[in-house]
Amino acid sequence: TSLLILNGPNLNLLGTRQPEVYGATTLAEIEIQCQDKANALGIDLQFEQSNHEGVLVEAIHGARGKFDGIILNAGAYTHTSVALMDAISSADVPVLELHLSNIHARESFRHKSYIAPVAIGQICGLGPAGYLLAIEGMVTYLGEKA
Ligand code: DQA
């Protein structure tokens, strides 16, 4: 099993970015935790971040045939990007939507997700632990699907 964790805009600033909302853990620390989890489960994991919508679109295109699943924290593009939604619809790779914060408890513009209708599910509000739960959830989903 091979998973891609894709992080969108501003998530490179985790640890210093609005810590009252997103916590003090950096993205590099989250990646280490995710790689440890992947090793424990015996799966391959690639961890990426980009601030550019087109780079994220192309990462989703490139996942086809290469990864069994994508865990996507699309950041603010969650709430704006028809392009990401269309890429997911075309990719033939299951996508699990992930957010550190509970987007449904925040500003109303964050309640709308273009990812949700094309995702297998959504994890939000659990902070960095959500990444680890998303890995477990995707592995379980793939196991049940196989
Ligand atoms: C986020 C939630 C988004 O609304 C926000 O734009 C982000 C981070 C989260 O992980 O909680 O950049 O995706």
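Taken together, the values in this text are just the output of simple stated rules run on the coordinates, not laboratory data. Note that the structure is a prediction, hence the values are computed from the model and not measured. In this analysis, Cβ positions are derived from the backbone assuming ideal geometry, glycine residues included, and neighbour counts consider all displayed protein chains.
Candidates in the range 63-77 are the residues that are among the small types (Gly, Ala, Ser) and assigned to a helix (DSSP H, G or I); of these, the one that is farthest from the ligand (Cβ to nearest atom) is Ala63. Of all residues in the range 1-33, count the ones that are among the aliphatic types (A, V, I, L, M), within 11 Å of the ligand (Cβ to nearest atom) and surrounded by fewer than 13 Cβ atoms within 10 Å (Cβ to Cβ). So the count comes out to 1.
Tell me yes or no: at least one residue of the range 104-127 is among the acidic types (Asp, Glu), closer than 13 Å to Ile71 by Cβ and over 12 Å from the mean Cα position of the chain (by Cα).
no
Within the range 61-74, the set of residues being buried (at least 21 other Cβ atoms within 10 Å of the Cβ) and of a type outside the set (Phe, Trp, Tyr) comprises Ala63, Gly69, Ile70, Ile71, Leu72, Asn73, Ala74.
For the range 78-102, give me the residue count where each residue is over 19 Å from Leu132 (Cβ atoms), within 9 Å of the ligand (Cβ to nearest atom) and more than 12 Å from the chain's Cα centre (by Cα).
Qualifying residue count, the range 78-102: 1.
Among the residues of the range 34-52, the one identified as within 15 Å of the ligand (Cβ to nearest atom) and either touching a residue at least 60 places away in the same chain (Cβ under 8 Å) or among the basic types (Lys, Arg) (or both) is Cys34.
Can you find even one residue in the range 85-106 that is in contact with a Phe, Trp or Tyr (Cβ under 6 Å, 6 or more places away or on another chain), free of Cβ contacts under 8 Å to residues at least 40 places away in the same chain and assigned to a helix (DSSP H, G or I)? Yes; the residues of the range 85-106 include at least one that is in contact with a Phe, Trp or Tyr (Cβ under 6 Å, 6 or more places away or on another chain), free of Cβ contacts under 8 Å to residues at least 40 places away in the same chain and assigned to a helix (DSSP H, G or I). Which of the residues belonging to the range 2-56 are in a loop (DSSP other than H, G, I, E, B) and at negative phi? Across the range 2-56, the qualifying residues are Gly8, Pro9, Leu14, Thr16, Arg17, Ala24, Thr25, Thr26, Ile43, Ser50, Asn51, His52. When we screen Ser101, Ser90 for residues that are more than 26 Å from Glu29 (Cβ to Cβ) and surrounded by fewer than 20 Cβ atoms within 10 Å (Cβ to Cβ), the only hit is Ser90.
Which of the residues spanning the range 107-146 are farther than 22 Å from Ser2 by Cβ, in contact (Cβ under 8 Å) with a residue 40 or more places away in the chain and of a type in the set (D, E, K, R)? None - no residue of the range 107-146 is farther than 22 Å from Ser2 by Cβ, in contact (Cβ under 8 Å) with a residue 40 or more places away in the chain and of a type in the set (D, E, K, R), so the list stays empty. Against the conditions (1) surrounded by fewer than 19 Cβ atoms within 10 Å (Cβ to Cβ); (2) in a loop (DSSP other than H, G, I, E, B), Ser113 satisfies every one except (1).
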